[in-house]
Amino acid sequence: MRLSLPLRIPVVFLSACLFPVCFAAHAKPDKSDKPDFEIVTLSNRADLISGGDALVEVRVPKTVPLRQVRVKLNGREITGAFRTDAAARTLRGVVTGLVQGDNELLADSNGKGHGRPRATLKITNHPIGGPVLLGSQTTPWICATPTAVPASGDTPASNASGLTTFAVDAQCNIATEYKLFYRTKTSPCSSALPDPSPPATPPANACFQPYIVGTTPNDLVAQTTTTHGMTVPYIVRVERGTINRGIYDIAVLFDPTSATPWTALAPQPQWNGKVVYTFGASTGQPRLQFRSEQNWADDAALSRGFMVVDNSLTDSLYNSNRVLNAETLMMMKEHIVDAYGEIKYTLGNGCSGGSIQQNTAASIFPGLLDAIQPSCDYPDSITTGLEVVDCVLLVNFYAGPDWTSLMTGLTQAQINAKKTAINGHLNHIGCQSWNNAFGFNNKPGNYARTLVADQTTGALVTLAESRNNCLLPAALVYHPVSNPNGTRCGDNDLSAAVWGTTAGIPAGSLRARQTGDNVGIQYGLSALLAGAISPEEFVTLNEKIGGVDADANRRAARSTADLPALDIAYRAGIVASGRNLGKLPIIDSRGWDEQGIHYIWRSFAERARIDEANGGNHGNQVMWRYGTGLLPGTAAQVAAVTLPSLLTMDEWLNNLNASAPKATLNSVRTQEEVIAAKPANAVDFCFLLADPTFSTKVFDMAVCDADAPQADGLGRLAKRSSPRQVAGGPLAENILKCQLKPLSSADYAPLVFSSGQWARLQAAFPDGVCDWERPGVGQQRAASPLTFADGPGGRRLPPAPRSHGDDDDDHDHGHGHEDRGHHRD
C-alpha cells in the first residue's frame with residue numbers, strides 16, 4: 001500500500017494485513033562479485049516512479065557481510081524496510097516516503113575509511129495523480145463524487161465514483177477503498193457488475209455477492225482451483241482508488257482470514273502473479289473523471305488466480321489520448337508491484353476502442369503489455385479516423401445535388417452498388433454507420449449531428465440538439481465567435497500535450513495540431529478502373545468531395561495536415577508500429593460486423609504492418625474468426641473463443657517466460673523469441689457460419705474466406721476494404737498524408753477521359769495525386785517510448801538510470817540516438 005501518502009490511507013471494509021514478512025529467494029544473475037552495491041527499482045524505471053513508493057532490490061557485493069548493509073533515503077536510515085535474502089545476497093523492500101522530484105537512495109557497508117563499497121541511485125518520483133510521461137494534463141477536469149451530480153447552469157456535472165469519499169485535491173485523488181465479494185454456488189447467475197455506481201442496484205442473482213468476515217456462511221461460498229493447483233474459497237478483494245486522475249479496480253482472490261499480511265514481499269499464494277488488464281471500448285474526449293466502464297467480475301480469470309485490473313483512463317470511451325493511456329497503464333503496473341508483488345506477465349484484452357488501447361500501448365511503450373487479445377480490432381485510432389472522415393465526406397456528397405443529378409434514371413439498387421464500390425465495404429451502409437456513430441468525434445465546440453436517417457436512400461437529417469465532446473456546459477466550450485478561447489473538445493485537443501498547438505480560428509486562439517489529410521486521394525479509383533462507376537462520376541466525386549477544416553467543418557477544399565503532427569504520430573508510435581507489434585504475442589478474435597464499423601480487413605491491416613516491418617513474418621499474430629456476432633456473448637462463443645484465448649495466452653507466456661525471461665518488468669522481446677514460444681494451438685482458424693455451436697475449427701484460410709458468400713460475391717469472413725484502399729492505398733492503411741505524383745493519363749488506360757473531364761481532373765488535383773509506392777509524408781520508424789515531460793513533440797526516453805559507486809564515472813544517462821529514418825512501419 002502507498003501508506004506514506006495520507007491520500008493512500010484506505011477506507012477499510014475489512015481487516016487488512018500490512019506488516020512485512022520475509023520473501024522467497026528469486027533466481028537472479030549473480031552480480032555479487034561486483035565491487036560496489038547495485039540498486040535496482042523493480043516496479044518501474046527509477047526515473048518514472050510515481051506515488052511516493054517503489055519496490056527496490058539492493059544487490060550486495062560478496063565482500064560485504066549482509067548484516068553491515070545500511071540503506072538511506074535522502075539521508076534518512078530506512079534499512080528496517082528491507083528483508084534479506086542470504087542465498088541471492090540481496091535486500092528487498094518497498095521504499096516509502098519519496099519526495100516529489102529527485103531522491104537519493106544510498107546503500108553501503110557502513111564501514112570505515114575511504115573507498116568502502118557503496119552505491120547511490122537517483123529515483124525521480126512523480127505525483128500519484130500524474131503526469132509522468134506527459135508534461136501537462138488537460139484542464140478542466142471534473143472530479144467524480146460519491147453520487148452523481150447533474151450540471152447546473154455553467155457548473156459541470158460530476159459522475160458517480162463508486163467510492164464513498166470526495167476528492168482531496170485538484171488531481172481528483174480519492175482515498176482508496178477495499179471490498180470483499182464471494183462467488184456463489186448458485187447457477188445460473190448474473191455476471192453483471194455486483195457493485196454498480198449509485199443509484200443502480202446489483203442484480204439479485206449476481207454471481208458475486210458481498211462477503212462479510214465472520215458473517216457470511218462458508219457453505220454459500222464456491223471453491224475454485226487456480227492455474228498453479230491451489231483450491232481455495234472463491235473470495236475476491238476489490239481495491240478501488242485513483243491513479244493518474246482515473247478510477248481503477250484491482251480484483252484478485254483473497255483470504256481475509258489469513259494471519260499473514262499481503263505485501264509486495266509476501267503475496268498471498270492464490271494469486272498466480274499474472275495480470276489480466278481490461279481496456280474499454282468506444283472513444284471519447286470527456287473532461288470528467290469516470291469510474292471504469294469495465295466489469296472486474298471476470299470469472300474465467302479470477303477463478304484461475306489471475307488479477308483483473310482496469311482504470312477509466314485506459315477505457316477509450318473516457319480517454320482517447322493514447323499516450324495518456326500508456327502512461328496510466330505504466331502507473332497501474334507500478335502500483336500493483338509495490339502493493340501486491342512482482343508481476344509474471346501482463347495480458348491485455350478488449351474490443352474495438354479496447355483493441356486500440358492495447359495496440360497503441362504496445363506501440364507507444366513496448367514492454368508494458370506482454371501479450372494482447374484484441375477483438376473487433378483496429379490497429380490504432382488515428383488511422384481509423386481516416387476512414388471515419390472519408391465516410392462523413394462521402395455520405396454528405398451522396399446526399400448532395402451533384403451526385404443526385406448524376407444518378408437520375410438509375411434504380412436505388414444501382415445507385416447503392418456504386419456507393420459500395422467507392423466505399424469498399426460489404427454494402428453502402430458501412431459509411432453511414434461511421435457517420436452516425438463517430439462522424440462528430442473531432443468537433444471542438446458545440447454541435448448538432450447530421451445523421452443518415454434512411455439507410456436505403458442515404459437521406460440526411462440534422463437533429464435539433466446541442467452537444468459537445470467534453471461533456472461540459474455549452475457556455476464553457478469553444479465557439480469561433482462567442483468563445484474562441486473556450487475549452488476545445490476535439491480528439492487531438494485532449495492530447496495537446498503530445499501534439500502541441502498552432503493558430504486556431506479566429507487569429508489569436510490556439511488549437512491542437514491535426515494529422516487529418518486527403519490531398520491527392522483519388523476516391524473511387526479502383527471502382528472506376530473496374531467499370532463500377534463512370535469517368536464522369538469519378539471526376540465529379542473528386543471535384544466535389546472536399547475536406548474538413550481545423551474545426552472539423554466540411555469545406556470545399558481538401559483537408560490538410562499540420563506537418564509537425566505527422567512526425568509526432570509516427571515517432572511516438574501513435575500510428576501503431578508493425579515493428580513494435582511484432583514483439584509480443586497477439587491473438588485477434590474477429591467476429592462479424594461488416595454492416596457496422598468493425599471490418600474484418602482491420603485485422604489484416606495489422607498483420608500487413610507486422611509483415612512490412614518484419615520481412616513478411618507475422619508469426620506472432622494469430623487470428624481467430626467467426627461469422628456470428630461481434631462479441632463473444634453466447635456461451636458457445638465464450639467456450640470456443642474467449643476462454644481458449646486466455647488459456648492459450650497463458651501457455652504462450654509461460655513458455656516465453658521460461659525461454660526468454662525479461663530482464664526488467666517492461667523489457668521487450670524479439671519477434672523470434674515470441675514465435676519460438678508459441679504453443680501448438682496458437683494458429684489461425686475460423687468457425688463457419690453453419691457451425692453455431694462452434695464445434696469445428698477450420699484451418700484452411702481459403703475455406704474460411706469463401707464461407708457463406710455475400711451479395712458482393714465474397715465470403716462472409718473475407719476482408720473487404722476502405723475508401724482509401726479503393727483509392728489505391730495500402731492494406732496497412734498507415735499513410736496519413738500521401739506523397740504526390742503528377743497526373744498521368746497512362747495510369748487510367750485503357751479508359752479515356754474527355755478533354756473537359758481531364759481539365760476538371762487537373763483542376764481537382766493541381767499538385768498531383770497520391771503516389772502509394774512511396775512512404776507517406778513524415779512516415780518513419782517509431783522511436784518509442786518517448787517522453788513528453790519537456791513538452792509536445794517528445795523525445796526518446798534515455799537509458800534507465802543506474803546506480804553508481806563513488807568512483808563510478810559512468811554517469812552518462814544520455815538520450816541515445818533518435819532514429820529518424822523514413823521507413824514504413
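Here LYS443 is the anchor, and the lysines within straight C-alpha reach of less than 24 Å, apart from those fewer than 8 places off in the same chain, are LYS544, LYS737. Anything over 31 Å Cα to Cα? Flag those among LYS274/LYS583; LYS72/LYS583; LYS333/LYS583; LYS72/LYS179; LYS583/LYS741, in the order listed. Beyond 31 Å between Cα atoms: LYS72/LYS583; LYS72/LYS179; LYS583/LYS741. Only residues of segment 430-472 count here: report those whose backbone N is under 16 Å from the spot 7 Å along Cα→Cβ of VAL149, or say none. The answer is 472, whose backbone nitrogens lie closer than 16 Å to the label point.
PHE753: net charge of surrounding residues, Cβ under 14 Å, Lys/Arg +1, Asp/Glu -1, itself excluded?
Every neighbour counted, the sum reads -3.
Each label was represented as a point 7 Å from its Cα along the Cα-to-Cβ direction; for THR634 and ARG795 these points are 5.7 nm apart. Which net charge results when you count Lys and Arg as +1 and Asp and Glu as -1 among the other residues whose beta-carbon is under 10 Å from that of LEU656? Summing Lys and Arg as +1 and Asp and Glu as -1 gives 0. Note on surface exposure: ARG70, ARG237 rank ARG70, ARG237 by accessible area, highest first, 1.4 Å probe.
If the chain between LEU689 and ASN74 were fully stretched, how many nm would it gain, using 0.36 nm times the residue separation less the Cα-Cα distance?
In short, 214.9 nm is gained.
Largest accessible area first, the residues ASP551, ASP700 order themselves as ASP700, ASP551 under a 1.4 Å probe with ligands, DNA and RNA left out.
Here the calculated FRET efficiency for SER136 and ASP402, from their Cβ-Cβ distance with R0 = 51 Å, stands at 0.70, rounded to the nearest 0.05. Once Lys and Arg get +1 and Asp and Glu get -1 on their Cβ, which of GLY97, LEU689, SER161 lies farthest toward the positive end of the dipole of the chain? Among GLY97, LEU689, SER161, the one farthest towards the positive end of the dipole of the chain is GLY97. A Förster radius of 41 Å, combined with the Cβ-Cβ distance separating SER191 from MET230, puts the computed FRET efficiency at roughly 0.95.
Between the listed residues VAL477, PRO199, LEU460, the Cα displaced farthest toward the positive end of the dipole of the chain, a dipole computed from Cβ unit charges relative to the Cα centre, is found at PRO199. For segment 238-396, the dipole from Cβ point charges (+1 on Lys and Arg, -1 on Asp and Glu) about the Cα centre works out to 200 debye, to the nearest 20.
Calculate for the chain the 222 nm mean residue ellipticity that helices alone would give, adding -39,500 (n - 2.57) per DSSP H run of length 4 or more and normalising by residue count, nearest 500 deg cm²/dmol.
Calculated from helices alone, the mean residue ellipticity at 222 nm is -6000 deg cm²/dmol.
Taking the DSSP beta bridges with both ends in the chain, the antiparallel portion is around 70 percent.
The residues of the chain expose on average 37 square angstrom of accessible surface per residue, using a 1.4 Å probe on protein heavy atoms. Only one residue of SER258, GLY341, ALA608 has its Cα farthest out toward the positive end of the dipole of the chain, where Lys and Arg carry +1 and Asp and Glu -1 on Cβ, and that residue is SER258. A Förster distance of 45 Å, applied to the separation of the beta-carbon atoms of SER754 and ALA663, puts the FRET efficiency at 0.10. The dipole here belongs to segment 471-581: it is taken about the Cα centre, uses +1 on the Cβ of Lys and Arg and -1 on the Cβ of Asp and Glu, and is about 240 debye. Its Cα centre serving as origin, the chain has a Cβ charge dipole (Lys and Arg +1, Asp and Glu -1) of approximately 940 debye. Using C-alpha pairs below 8 Å separated by at least 6 residues, the relative contact order for the chain is 12 percent. May I ask for the angle, rounded to the nearest 10°, between helix 322-340 and the longest principal axis of the chain, with both axes built from Cα atoms and the value confined to 0 to 90°? Helix 322-340 and the main axis of the chain meet at about 20 degrees.
The values are calculated or read from the model by the stated rules, or taken from the named source; none is laboratory data. Since this is a predicted model, take the numbers as computed values, not measurements. All Cβ positions, even for glycine, are placed from backbone atoms using ideal geometry, and neighbour counts span all protein chains on display. Surface areas here come from the heavy atoms of the whole protein model, side chains and all, with no ligands, DNA or RNA. Shrake-Rupley method; radii C 1.70, N 1.55, O 1.52, S 1.80 Å.
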